[in-house]
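The values are calculated or read from the model by the stated rules, or taken from the named source; none is laboratory data. Given the structure is predicted, the values throughout are model-derived calculations rather than measurements. Here the Cβ is made from the backbone with ideal geometry for all residues, glycine too, and neighbour counts use every protein chain on show.
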Amino acid sequence: MSMQALNQLVARSIIDPAIVQKFSSGIIAEVLSDLDFTHDLREKLVNLTADTWVEFAILAYRLVKSTEPVTATIDLPSPAEGLFIEETHVGKEQVA
Amino acid sequence: MITITREEREWFLRNLAQGLIEYMGAASPPIEVEEMLQHPPDIFGLDFGVVDMYSNLWDATFARPPSRRGSIFVRVNLTPVQRRFALAREILSAMITSKHGQVLGLGDILMDWLQESAEYFARHLLAPEPMVEVFQENGSDPVRFAKEFGIPKEIAEKRLNDVIL
């Protein structure tokens, strides 16, 4: 969600000079308050130090990315175990 | 200036393209960039001209004559899909060298990678990810993709191979 908000902010900044003006004036918090960032993340974004808007955007990307949950990985069974562990086990019980 | 990775640069370029797509209000392909160049966002009013030219040197190039509007000089005999891509690519130079682009600091991260960045930007301006995802629900045939998005086939192939992290 936060990355989506950041994408929205950066995309808007390309055609809306008010965003970079607020950044340059040190009042970027006013813009961030309209976007879907958590309170904690918004605080961190406001405190980023950057010389230009682009630099701010990149630092913000790193920050937001570091807070995003890691994409779930698919746990494949080991080839050594085979694909049907459960079924094999059940099968043995039934035989016994 | 901080050092940035390719992934970060590409992320930024996609959002740059997205800003223009939102301005155009484009909801489906093809993305009519020439129409946007004729009716640019206010902030790029002095940067988005188009001038047809007779040349065998380039397909298109951006130039900003002293104290005049910046324009993309585009070869007249390009096919419509070549023209669309060439214009989209040169928009990045127009943005970087614009007053707003300088205030943003676009040149700091893009000038060293201008050609690569411009082509990546153009691919994502003409084929934004949400539209590509919809297209891919019915396969990934580059010929059909090129036709639907109005872009050259080789660009369509590259776009379909763009990995978004």
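How do the helices (runs of 4 or more DSSP H) wholly within the range B:1-119 filter down when requiring 3 or more residues that are within 14 Å of chain A (Cβ to nearest Cβ), surrounded by fewer than 18 Cβ atoms within 10 Å (Cβ to Cβ) and not basic (Lys, Arg): which remain? Give the steps one after another, and end with the answer.
Details: elements: B:6-24, B:33-38, B:80-97, B:99-104, B:106-110.
Here the list reads B:6-24.
Among the residues of the range A:1-21, those identified as facing chain B (nearest Cβ under 9 Å) and not aliphatic (A, V, I, L, M) are A:Asn7, A:Gln8, A:Arg12, A:Ser13, A:Asp16, A:Pro17, A:Gln21. Return yes or no: is B:Ala127 closer than 24 Å to B:Tyr54 by Cα and either under 16 Å from the mean Cα position of the chain (by Cα) or at pLDDT 95 or above (or both)? Criteria not met by B:Ala127.
Pairing residues of the range B:8-32 that are of a type outside the set (Lys, Arg) with residues that are in a loop (DSSP other than H, G, I, E, B) and surrounded by 18 or more Cβ atoms within 10 Å (Cβ to Cβ), at Cβ distances under 6 Å and at least 6 apart in sequence or on separate chains, gives B:Ile21/B:Pro128; B:Tyr23/B:Pro41; B:Pro30/B:Gly150.
Of everything in the range B:137-154 that is out of contact with any Leu (no Cβ under 8 Å at 6 or more places or on another chain) and not acidic (Asp, Glu), the residue that is surrounded by the most Cβ atoms within 10 Å (Cβ to Cβ) is B:Ala146. When B:Leu160, B:Leu165 are screened for being modelled with pLDDT of 95 or more and either in contact with a Lys or Arg (Cβ under 8 Å, 6 or more places away or on another chain) or hydrophobic (A, V, I, L, M, F, W, C) (or both), only B:Leu160 passes.
Scan the range A:14-53 for residues that are under 27 Å from B:Ile21 (Cβ atoms) and in a loop (DSSP other than H, G, I, E, B) and report the count. Full working, then the answer.
If we filter the range A:14-53 for residues that are under 27 Å from B:Ile21 (Cβ atoms), which is where we start, we get A:14-24, A:28, A:30-37, A:41-42, A:45, A:48, A:50, A:52-53.
If we keep only those that are in a loop (DSSP other than H, G, I, E, B) as well, we get A:16, A:33-37, A:48, A:50, A:52.
The total comes to 9.
Going residue by residue through the range B:131-138, is there one that turns out to be touching an Asp or Glu at 6+ places or on another chain (Cβ under 9 Å) and either not in a helix (DSSP H, G or I) or not hydrophobic (A, V, I, L, M, F, W, C) (or both)? The answer is no; no qualifying residue exists.
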